[in-house]
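What follows draws every value from the coordinates through simple rules; no lab data is involved. These numbers come from a predicted model, not from an experiment. Because the Cβ atoms are built from the backbone with ideal geometry, glycine has one as well, and the counts that use them run over all protein chains shown.
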Amino acid sequence: MANRGHDFAGVPLYWAVARVIDRGGMHALTVRAAAAEAGCSVGFMRHYYDTKSLLLACTYGLVTDTQLRDLEGLLSVRRRDFVGQAPLEPLGAERAAELLATYLTLPEGWQLLVGVQLSFLALAQHDVDVADAVGSHHARLREVCATALSEAGVPVAALEEEAQDLWVLLIGLTALVPGLATEDPDRRHVRVTPDKVTDILRRHLQAAASRHRGDVDARG
């Protein structure tokens, strides 16, 4: 079941789907509603997307790639070995937290991408296509978490366990940041500000580094 519509519909269509979900929850999304939001025909939608499930999985791919792409790029540079270049000094917990917070504190107009994730996470429990997309994203997110922890001073031996904890924290924060998409749009509330998100992540990274400081000192 291929995504034949990607080259034709692409990002604008996925944004349209995300907006429909953001406004009314997952139950508001139909092929007809997505077509109307995107300004295309229902026939176009059905021709290029075999199922609603596939369209949703592709939309989730846009949502998560938009959130992670720049952050992955910034952090991946930190992990590369360049010939003749001295190793980079760790960023420290504060700067690592600021970078990690960009996963949740997107620019105005993009906040809906954070909120709609909750609807996709629920759908992934019984939709194979969406579950595959969610699983792929979570693997990428755990890798980002491991890099951020390393930059905060957590030793390599502890990264896998600590990255799992940090990943859980990020998923939990997704439910609290501005842009939360609930099944009842009238119940949305701004509960956590961008500064608060950064502060929460900074304290978590500092605590993780402190837990393993003795291990680093012992090896030194």
Fill in the blank from the handout: Quick calc, Gln125 & Arg203: beta-carbon distance into FRET formula, R0 30 Å, rounding 0.05, result 0.45
Fill in the blank from the handout: The extension gain from Val77 to Asp132, computed as 0.36 nm times the residue separation minus the Cα-Cα distance, is 17.1 nm
Practice task
Give me the distance in nm between label points sitting 7 Å out from Cα along the Cα-to-Cβ direction at Ala157 and Thr51, one decimal.
Solution key: 4.7 nm
Handout entry: Nearest-0.05 FRET efficiency for Glu94 and Arg213, computed from C-beta distance (R0 22 Å)
Key = 0.85
Fill in the blank from the handout: For the range 47-55, Karplus-derived ³J(HN,Hα) couplings (6.51, -1.76, 1.60; θ = phi - 60°; whole Hz; x for glycine and proline) come out as 6, 8, 10, 4, 9, 4, 4, 5, 4
